[in-house]
Every structure is written in C-alpha cells, then in structure tokens.
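A.B. asks: After the structure tokens below, expect a handful of questions from me.
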Amino acid sequence: MPAEPPERDSHATSGAGEEGADAERWHSSTYGRPRRPAGRGPGRGAGREQARAAQTPGREQRLADLHRPVPAPPAARPAGQDPPGPGEPHRGAPHGAAPHRPRRRPNVRRRRVLAVVAVLVVLAVAYPLTLAWRGWSSVEQVAAASTGERPAATPGTTYLIVGSDSRDGLTPEEIEEYSAGGDDISGRRTDTIMLLHVPDSGGPAALISIPRDSWVPVPGHDRNKINAAFAIGGAPLLMQTVEQVSGLRVDHYVETGFGGFARIVDAVGGVTMCPAEAVDDVRAGLDIPAGCQSMDGRTALGYARYRYTDNQGDFGRVQRQRDLLGAITSKAASPATLLNPFRAFPLASAGGSAVTVDEGSSITDLVGFLRGMREATGAGGISMTVPVSNPSLRTGHGIAVKWDTDKTLAMFGDLKADDTEALRSLTS
C-alpha cells in the first residue's frame, strides 16, 4: 500500500521553510523517484539516450570489435626448451588469461609392454639359475684327485669320464630290467673311460675314448689293463694312471652308473639311434632290428654295453657310447627340452642324481662339461679313440689292447699344447 504523503500546510504552499521543501520533493517524485532538477543537464529525452549509450555499445564500437585482429595461436617452443613457468603465460594468450596446460594422460600400453619385458627378463635369469641349481643339488661329490705325483697344469680343461658297471643302489627289479645280473655283479669296473678336453685356444672340443682293456703301467701294480686301476683303487688311482701315461693334468672327474645312464635317457624322452644291423645280445638284454628307432633307457643301456656279438668288440662299443652321449646331450640341450619345465626339471633331477663328480668341482665346472660334450659330439667337434697298434695283445692278464706309441704320444702332445685342431690328422 503506497505511503500517504504528508499534508500540505500553509508553510509548504508558500515554499518557505524546510518542511515545505521536503513535501515538495515528495510530491514531485514518482514512487519515490526524485524529479530531475530543473536547469541541470540535458532534457528528459537526451537523458534517456545518454543512459542507453552507456549500457549498449554504439555502432562505431561494434564495427571496431568486428575488425579487431584475432590473436595468433601460441608458437611451438624449440626442442629442449622448458615449458612455461607457473607465472608465465603461454605465448599468444591474451593478457591476464590463465596459461593453457595440456592434460597428461598415462600411456597404459607402454606401461604394459614394460611390465611384460621386465617379467621376461626376470624369467630369463631366474629360470636357468633355478634349473641349474636343481640339478646341482642332486649331484654327489667324491674324493677323486690323484694322490701321487701329478703333471704340471696344462692349458684348457680336461675331464676324465667314467661309466661304471657298479650295481650299487640298484634294486633287484632294476638289475633284472637292465640285464645287469651274472657272476660278476660284485665290485666296480669301468665299461667306459673317456677324456674330454675343452681348449682355451678356441679350437674344437675333443672327446677321446680309452678302451677299457688298454695295456698300461698302473702305479704300484706293474702293467695291467687300465680297467684294473679303477677296480683296485677307484677314481684316484685311475686318475693317477691316466695322468702318468698321458702327461696331461686332469682337472675334473665325472662318473655315472648303470641306473643313472638309463634314467637320464628316460628323462629326455628317449633317443633315436640307427644301428646298421639287427642286434640280439642276451648278455646285454638287447634284441632290436636294424634301422633308426627310438630307444628308452633300458634299450639304450643295452645298446651302449653289448660287445660280444659285435665284430669290432670293444672298439664298436666305445663308438656307440660316444654316439649315445652325443644324442643325449643334443636332446637335453634342445629348446623343446629346456623351455619345457615339465621335462627340464625332471631331467635336471635325474641327471644330477646320476652323476658323481670330484670334490673340487663347482656348478660352473659341470655346466662347462655339458657344453664341452655338446661341442665335441657336434658337427665341428672331434670324436675319436686312442690310436691302437694291436687290439689282441696276449698278456698275463688275458687279451689286452696295445696303443700305437708314436700316434698316441703325438695325440697327447697336441692336447698338452691345447691344439685340438691338430687331432684331425689322426682321425682321417
């Protein structure tokens, strides 16, 4: 409800007095808006135009806005230049405007790739170390070093490899399975004696078979078959005998037995061998046809042992033994075996438990032995038998094998000089 104006009195009508002036100002206003004083500024219409111009830009102002140049985008900074600082506006930005900061998004794909690479690196390091440790933890070590006077150290690394016919640790069922029974099951003899030389000079590795009936001087026991040294004094006497007759310093000793050999073959999933003729040998428990075939541990053991039905006797046997070792090593080192943990770890356990090494050997020496075996039995390696002049030498201890003195001395001389390439002349 509008307020009531104050009543006019005589003083207000005459315009005299302060109260009359207030009443006059009230009646001259509309809803409390005072009337523009007369005689001050433009008229009523001009006042409206002035207010409208103050609120809305004029035509000239609008045309000026249309012709104002658009600011250019910020120029790219040279490579290596630091981004704008916290208080520094981006180039081309209007004065006082907040700098434009690009939003950083994490590169999810790159992080995933880096994570996969990191996992693969860890596996590439951890897997072979775990596999090697699994095998090494099962290896047995014995005192095998020679107890007599030893030759001076020779370059390269020489391993003495022995395949024992000892039945120790075999159950009666295994003795029957491997056809390892008979009158001579007690004691220890060697079915296999080999030297593996891995040169430092970069030449080929050499695997050399020593026939078990080789006629040599045995320290403290006159001349005898080299097999007798192992039967009399075990690994230390056999190593002393080999060192004295060859002049080589034997660095390490590796031995396996009947059961261990068969378990290694089974662990790699069998090996493929190609006998030229069918074999039927009752003493070795072997009855196989001619031609290439896969052999399990039992069959491969018999194939490595038989000699009585072989026209070459022990010389044919040592050749088959080297062939078998090459097939086992090649398959064990293949990606199909090593990259399959369900095959690699059982193989490491079986191989480790089947091997006996000297007390001075380490896991590094065992790895070096496996690499040397693979090289020696490969295409570029050297696989041979000690040169022989008489395979049927009659002695007081039965028929023995006499070495070719000149060629054998030349062979051992090349090994002592670490010149395995020179051995090729003896194998041709």
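Only the coordinates and a few stated rules stand behind these numbers; no lab work does. All figures in this text were calculated on a predicted structure; none of them were measured in a lab. Positions of Cβ are backbone-derived with ideal geometry, glycine not excepted, and every protein chain shown enters the neighbour counts.
A.B. asks: Which of the chymotrypsin sites (Phe, Trp or Tyr not before Pro) found in region 350-428 are loop residues per DSSP with 14 or fewer other Cβ atoms within 10 Å of their Cβ?
C.D. replies: Qualifying residues, ordered by number: none.
A.B. asks: Quote the relative contact order of region 131-427 in percent (integer), defining contacts as alpha-carbon pairs under 8 Å separated by 6+ residues.
C.D. replies: Taking the mean separation of contacting Cα pairs over the length of region 131-427, I get 27 percent.
A.B. asks: Hey, another quick one. Would you calculate the separation in nanometres between label points at GLU173 and ILE363, each defined as 7 Å from the Cα along the Cα-to-beta-carbon direction?
C.D. replies: About 3.3 nm, to one decimal.
A.B. asks: Let me ask something additional. Along each principal axis of its Cα atoms, how long is region 131-427 end to end? Whole angstroms, biggest number first, please.
C.D. replies: 46, 40, 35
A.B. asks: For region 359-372, what does the Karplus curve 6.51 cos²θ - 1.76 cosθ + 1.60, with θ = phi - 60°, yield as ³J(HN,Hα) per residue in whole Hz, taken in order and with x for Gly and Pro?
C.D. replies: Taking θ as phi minus 60°, the curve returns 5, x, 7, 10, 5, 5, 5, 5, 5, x, 5, 5, 5, x Hz for region 359-372.
A.B. asks: Taking LYS402 as the anchor, which lysines have their alpha carbon closer than 20 Å to its alpha carbon, excluding any fewer than eight residues away along the same chain?
C.D. replies: Partners within reach: LYS225.
A.B. asks: Bin all alpha-carbon pair distances of region 180-315 at 5 Å intervals from 0 and give each bin's fraction as a whole percent.
C.D. replies: Percent of pairs per bin, in order: 2, 8, 15, 18, 19, 16, 13, 7, 2, 0.
A.B. asks: Return the equivalent ellipsoid semi-axes of region 377-428 as a descending list in whole Å, where each equals the square root of 5 times an eigenvalue of the C-alpha gyration tensor.
C.D. replies: So the equivalent ellipsoid measures 26, 13, 8 Å along its semi-axes.
A.B. asks: Now for a separate question. Can you give the local net charge around THR377? Use residues other than it whose beta-carbon is closer than 14 angstrom to its beta-carbon, Lys and Arg +1, Asp and Glu -1.
C.D. replies: Counting the neighbours of THR377, the net charge comes to +3.
A.B. asks: Can you tell me the length gained on complete extension of the stretch LEU120 to ALA422, counting 0.36 nm per residue apart and subtracting the Cα distance?
C.D. replies: This chain segment gains 104.4 nm when fully extended.
A.B. asks: List, in order, the whole-Hz ³J(HN,Hα) value for each residue of region 130-141 obtained from phi through the Karplus relation with A = 6.51, B = -1.76, C = 1.60 and θ = phi - 60°; use x for Gly and Pro.
C.D. replies: My calculation for region 130-141 gives 5, 5, 5, 5, 4, x, 5, 5, 9, 6, 9, 10 Hz in order.
A.B. asks: Give, rounded to the nearest 20 debye, the magnitude of the charge dipole that region 131-427 has about its Cα centre when Lys and Arg contribute +1 at Cβ and Asp and Glu contribute -1 at Cβ.
C.D. replies: Computed charge dipole of region 131-427: roughly 280 debye.
A.B. asks: Considering only region 131-427, what is the antiparallel percent among its DSSP beta bridges, to the nearest 5?
C.D. replies: In region 131-427, approximately 70 percent of DSSP beta bridges are antiparallel ones.
A.B. asks: Go through region 155-164 residue by residue and turn each phi into a ³J(HN,Hα) via Karplus (6.51, -1.76, 1.60, θ = phi - 60°); whole Hz please, and just put x for glycine and proline.
C.D. replies: Taking θ as phi minus 60°, the curve returns x, x, 10, 10, 10, 9, 10, 10, x, 8 Hz for region 155-164.
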